[in-house]
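The values are calculated or read from the model by the stated rules, or taken from the named source; none is laboratory data. Because the structure is a prediction, the values reported are computed rather than measured. All Cβ positions, glycine included, derive from the backbone under ideal geometry; neighbour counts span all protein chains shown.
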Amino acid sequence: MSTELLWQPSADLAMLQARAQVLAQVRSFFAARRVLEVDTPVLSHHGVSDPHIDSISADFIPHGASQAHTMFLMSSPEYAMKRLLAAGSGCIYQFAKAFRNGEAGRRHNPEFTMLEWYRVGFDLEQLMDEVAQLLGQLLAPRLGQLQWHYLTYVQAFERVLGVNPMLMDDQAIQTLALQHVEIALPADTRRETWLDILMSHCVEPALPTACFVYNYPPSQAALATIKQDATGHLVARRFEVYVEGLELANGYHELDDGEEQAQRFADDNHVRMQLGKPPMPADQRLIHALHAGMPACAGVAMGLERILMLAYDKQDIAEVMAFNHPLA
């Protein structure tokens, strides 16, 4: 494609106006709840340690310096927002530009807008209720009143595949995945990869129209707390939200233990190296903030463009942002 044709916006004017209206709706929603809007840096000294997210690096060269400092465009404002929470900000939210290397396609763009918020004193159920309220408002014009379903991770697997993954060993998980999905992966592929394949290929497409999936396996805790559920199993207190099969948000009852956070950074880097990815130095500022005392809270990250795609029945993320990032 000629570069002369690439100057035009990827979204039309009506969509840009609709996007502005949604931003105003969200700000009104949080203003009514006295949640403070904040703005944190896009450029950071640390990238994310999550093995499944690749940060985009940027070299910063101070005037007169002989070498560059490698910095990172943030994949989420989470670390900085938690430092604000530890400093006494109270409940906060922001619209943040987020960057993820390698992510491009109909539902992904290397740069996108993330709506992220933290509610001090909320548990996971209270946050799920608030997420349902906000999405209900934003999606009502096209989808009407949503009927929400709430399934634990185990219930979702039992409903679709008839199995409880918590009670299955690694080999059984792999065998089940290969029964349902034609895919060639090394024999030493991690259990979590096979679970992710089952979730994305089998479970997600069969979920109810509007659904929360919560209480994930502890190995998928990310930055969530781990608690014992009613059956006596340890679970990660996190949720994901799906509407019409599209994942919209990821929420946690947030980890507030500095020692545990440091260990999870180390565990992430162990997995990263197993996957052939470079380790990511731990963000000591976040660890120190947790040691100083972050209040008990629940937080969620939500992709704004995906909400717009659902609200306005668009099939490509490029249609809901002023300029997408074409590969050519």
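Just to be sure, is ALA298 surrounded by fewer than 21 Cβ atoms within 10 Å (Cβ to Cβ) and either part of a loop (DSSP other than H, G, I, E, B) or among the hydrophobic types (A, V, I, L, M, F, W, C) (or both)?
No: the conditions fail for ALA298.
Of the residues LEU246, LEU304, LEU223, the single one that is within 18 Å of HIS52 (Cα to Cα) and among the aliphatic types (A, V, I, L, M) is LEU223.
Select, from SER66, SER76, the only residue that is within 23 Å of ALA322 (Cα to Cα) and either among the β-branched types (Val, Ile, Thr) or in a loop (DSSP other than H, G, I, E, B) (or both). Selected residue: SER76, the only one of SER66, SER76 that is within 23 Å of ALA322 (Cα to Cα) and either among the β-branched types (Val, Ile, Thr) or in a loop (DSSP other than H, G, I, E, B) (or both).
The single residue among ARG34, ARG27 that is under 30 Å from ALA87 (Cβ atoms) and exposed (fewer than 14 other Cβ atoms within 10 Å of the Cβ) turns out to be ARG34. Would a scan of segment 60-67 turn up a residue that is touching a residue at least 12 places away in the same chain (Cβ under 8 Å), at negative phi, surrounded by fewer than 20 Cβ atoms within 10 Å (Cβ to Cβ) and not hydrophobic (A, V, I, L, M, F, W, C)? Scanning segment 60-67, I find no residue that is touching a residue at least 12 places away in the same chain (Cβ under 8 Å), at negative phi, surrounded by fewer than 20 Cβ atoms within 10 Å (Cβ to Cβ) and not hydrophobic (A, V, I, L, M, F, W, C), so the answer is no.
Would you call ALA18 in a helix (DSSP H, G or I) and exposed (fewer than 14 other Cβ atoms within 10 Å of the Cβ)?
It is false that ALA18 is in a helix (DSSP H, G or I) and exposed (fewer than 14 other Cβ atoms within 10 Å of the Cβ).
Of all residues in segment 205-231, those being closer than 19 Å to LEU248 by Cα, at pLDDT 95 or above and either surrounded by 14 or more Cβ atoms within 10 Å (Cβ to Cβ) or touching a Cys at 6+ places or on another chain (Cβ under 6 Å) (or both) number 10.
When VAL181, VAL160 are checked against the criterion of being under 23 Å from GLY251 (Cβ atoms), touching a Leu at 6+ places or on another chain (Cβ under 9 Å) and aliphatic (A, V, I, L, M), a single residue qualifies: VAL160.
Against the conditions (1) within 22 Å of SER57 (Cα to Cα); (2) buried (at least 17 other Cβ atoms within 10 Å of the Cβ); (3) of a type outside the set (Phe, Trp, Tyr), LEU275 satisfies every one except (2).
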